[in-house]
Amino acid sequence: METNDKFIPDEKEFWKLLPLLSKFPRLHNTIKKDFELLLKLTEESECNPENFAMLCRTSIRNLFSLIEADLYYYNLFDSYEGYDDGHKFFDKFKKTFKQICKTWNRQELQEKYFSSKLAELKELKYLRDKLTHPKEIEHIIAPTKDTFIKVKKVYNDYDVFISTIMGNFFISTTIPFR
């Protein structure tokens, strides 16, 4: 795979972004590790319907915590025009990854992910919204094994997507020697 590079012409901007290069992966990997443990615990609790349901609902909510953290940091590196962290989730998601994939020469990957994986992410987002802001008792869903399988699939698809984006990517600048 070829390497990709984001050249930052402003040396001060480069030095400002440099600390994020250690912060972002640590944050992402901490949330990811917790999420993967949550998936494992959920899977192990399939025999106990009450625990399984609670852990599966928690998994749905936490998947979006991981994605939201990623979106925030991607926009610190390379924000789309008019970025605002308060934008609606899917507007922010689509614009962020269109921008990142354009800069990092991953447009084909972004188009493939959006055309084949976004619908399932939207389904889980709908469930997440009901769980996070319940208005009726029915909003506290009773997840099934199929729901859990979908959570794992959406997570794995997302993980492959961002891991591929980040593969062989570098930032650079020119530092004048005087």
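Look at where the Cα atoms of segment 37-67 and of segment 118-172 average out, and the two centres are 12 Å apart.
Taking all protein chains together and rolling a 1.4 Å probe, M166 ends up with roughly 80 Å² accessible.
FRET efficiency for the pair S79 and T144, taken as 1/(1 + (r/R0)^6) with r the Cβ-Cβ distance and R0 = 41 Å, rounds to 0.60.
First measure r as the distance between the Cβ atoms of K12 and E120, then evaluate 1/(1 + (r/R0)^6) with R0 = 41 Å and state the FRET efficiency to the nearest 0.05.
On the way: r = 42 Å, r/R0 = 1.02.
The formula returns an efficiency of 0.45 here.
The calculated FRET efficiency for N48 paired with Y72, based on their beta-carbon distance and R0 = 41 Å, is about 0.70. The share of Cα pairs per 5 Å bin across the chain, counted from zero up to the longest distance, runs 1, 7, 15, 18, 19, 14, 10, 7, 4, 2, 1, 1, 0, 0 percent. Taking 27 Å as the limit for the C-alpha separation, the pairs K16/K153; K92/K153; K33/K153; K88/K150; K92/K135 exceed it in the case of K16/K153.
For segment 55-104, the share of accessible area belonging to carbon and sulfur comes to 43 percent (1.4 Å probe, ligands and nucleic acids excluded). Between K40 and S163, the modelled label-to-label distance comes to 1.6 nm, taking each label 7 Å out from Cα in the direction of the beta carbon. Accessible surface calculations at 1.4 Å, restricted to protein heavy atoms, place the chain at 59 Å² per residue. Between helix 145-166 and the chain, what is the angle of the helix's C-alpha long axis to the longest principal axis, kept within 0 to 90° and rounded to the nearest 10? Taking Cα atoms only, the helix is inclined about 0 degrees. In this simple spin-label approximation, K112 and R61 carry label points 7 Å from Cα along the Cα→Cβ vector, and these lie 3.5 nm apart. Between the helical axis of 107-132 and the longest alpha-carbon principal axis of the chain there is an angle of about 40 degrees.
The values are calculated or read from the model by the stated rules, or taken from the named source; none is laboratory data. Note that the coordinates shown come from a computational prediction; the quantities given were computed from them, not determined experimentally. Cβ: placed from backbone, ideal geometry, glycine included. Neighbour counts: every protein chain shown. Ligands, DNA and RNA are excluded from the accessible area calculation, which covers all protein heavy atoms including side chains. Shrake-Rupley method; radii C 1.70, N 1.55, O 1.52, S 1.80 Å.
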